[in-house]
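Heads up, the thing below is written out as structure tokens.
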Amino acid sequence: MGSSHRVHRRGRCAASATLLWAHPGGVREKLDEARRRIDDGDPVQDARASVAAFTGQWIAGSLEASSRKWTTKECYATIARAHLVPAPFGRTPLNRLRPSDVEALLMLKRRSGLSASTVRTIHTVLRSVLEVAVRDQLMRRNPAAAVRRPGAERREAAYLTGAQVTTLLSPERGSDST
């Protein structure tokens, strides 16, 4: 039931695999999964292109063609090149990218001292990149969509007291008596 071997004229063996339908994780399960994905309109297999390679295509294509403001496009391209393209994250193939990888990237960026706002923007850009990969049927699901967007730090606004306003607006404070 395993594999059989044939002997060539020159005495070398060539393996000829026999498919095992009952083998755990074998052909039947993979075929069923492929059929489910086709029925759902999804790609049979996620693309093996790296995050870096696809991000480069996204910058040159989808980002450029988007209706975002020029400054937003520049910001997103800069964020993508600085934080999504470099290894090790950029080396990850799209078909192996998981929500836990996205979480690890965001935690690493936060621990490196980046502001909460920058980390939120990294998440936003990554999610946009992977949405295009899903749209183009290179991936079945967007792993960044499964990760909550990082929160922003909220600070209470500082207000001047009445006395501070009076001091600030007093005529003595604004004039030089020289």
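A few notes on this one:
- Reported count of residues in the stretch 141-178, each being assigned to a loop (DSSP other than H, G, I, E, B) and either at pLDDT 80 or above or within 30 Å of S100 (Cβ to Cβ) (or both), is 17.
- The residues of the stretch 119-146 that are in contact (Cβ under 8 Å) with a residue 12 or more places away in the chain and more than 11 Å from the chain's Cα centre (by Cα), listed by number, are V119, R120, T121, Q137, L138, M139, R140.
- Taking every residue in the stretch 59-71 that is at negative phi and pairing it with any residue that is modelled with pLDDT of 95 or more and among the hydroxyl-bearing types (S, T, Y), at least 6 positions away or on another chain, the pairs with Cβ-Cβ distances below 9 Å are I59/Y76; S62/S128; L63/Y76; L63/S128; S66/T72; S66/Y76; S66/S128; R68/Y76.
- Test for R36: is it of a type outside the set (V, I, T), exposed (fewer than 14 other Cβ atoms within 10 Å of the Cβ) and at pLDDT 60 or above: yes
- The single residue among E74, E103 that is surrounded by fewer than 18 Cβ atoms within 10 Å (Cβ to Cβ), of a type in the set (D, E) and under 24 Å from R154 (Cα atoms) turns out to be E103.
- Condition met for W58 (buried (at least 16 other Cβ atoms within 10 Å of the Cβ) and modelled with pLDDT of 95 or more): yes
- Looking at K73, K69, just one residue is touching an Asp or Glu at 6+ places or on another chain (Cβ under 8 Å), at pLDDT 95 or above and of a type outside the set (D, E), and that residue is K73.
The values are calculated or read from the model by the stated rules, or taken from the named source; none is laboratory data. What you are looking at is a predicted structure, and each value in this text was computed from that prediction instead of being measured. Backbone-built Cβ (ideal geometry, glycine too); neighbour counts: all protein chains shown.
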